[in-house]
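Structure, as structure tokens:
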Amino acid sequence: MDDPHDQQERKLSLSEVMAEIAADPDPTVTLGEIIHRLGHRAFGAMFFVFAAPNWLPMPPGASTFLGFPLVLMTPQMIFGVRGPWLPDFIDERPIKRPHMADAFEKLIPWLRKVEKVSRPRLTFLFGPVGDRVIALVCFLLALVLILPIPLGNMAPAAAIAIFGLAMIQRDGILALLAYAISALSFGLLFIGGRVAIDGVEKLIEMADRMMG
């Protein structure tokens, strides 16, 4: 029999659940508590919750902290695990609720606008195969997200967050948008990598000439 709390969560939108989490008077919250509150939508919701804050001004290293749980959760979805699992040292890690609430309050108005216009469509992009493909792409994006690349986390974070919303809403239009942003992310990463490699090669050539 379903948990009454889970039944209630099914009636709430993601923005409403996030608002309830932010409004809780407890000064701290753990990742495990957040996952429980998100209920049956945990994978898609966690994609959004951990990726979207990267669009906001964040302290150095925040993208790595937020991206690491995604690196752990996406393979679970690829292999068909029904709900996300995190090691205890991450699951029980306390987060200051005011910091999280501030980020949620900035994201909720935008999220509500998306929820109003989003609806199930192009649902063939989801299911046992489609969800695994999304998880694989999000895994690769999460690996990029945790790298210390200046401004390099914006596009991957946007793609992961939109994939999360697409999964919750079963909205194929959102999924296609996320795939497009993913392609852009990987393209920018490739170009940036080539530029960095060329720069290193030129520095080596200059050093050889000076020594020669």
Output yes when any residue across region 185-207 is surrounded by 17 or more Cβ atoms within 10 Å (Cβ to Cβ), part of a helix (DSSP H, G or I), modelled with pLDDT under 90 and of a type in the set (V, I, T), and no when none is. no
Are any of the residues in region 156-163 among the aromatic types (F, W, Y) and within 13 Å of L177 (Cα to Cα)? yes
Helices (runs of 4 or more DSSP H) fully within region 2-47 counting 1 or more residues that are surrounded by fewer than 20 Cβ atoms within 10 Å (Cβ to Cβ) and modelled with pLDDT of 85 or more: 14-23
Name the residues in region 76-101 that are surrounded by 13 or more Cβ atoms within 10 Å (Cβ to Cβ) and modelled with pLDDT of 85 or more, would you? Q76, M77, I78
Does L143 satisfy being in contact with a helix residue (DSSP H, G or I) (Cβ under 9 Å, 6 or more places away or on another chain) and within 23 Å of R170 (Cα to Cα)? no
For region 106-132, which positions are more than 17 Å from the chain's Cα centre (by Cα), on the phi < 0 side of the Ramachandran plot and assigned to a helix (DSSP H, G or I)? P109, R112, K113, E115, K116, V117, T123, F124, L125, P128, V129, G130
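The values are calculated or read from the model by the stated rules, or taken from the named source; none is laboratory data. The structure displayed is predicted, hence computed values, not measured ones. Cβ atoms come from the backbone with ideal geometry, glycine included; neighbour counts cover every protein chain shown.
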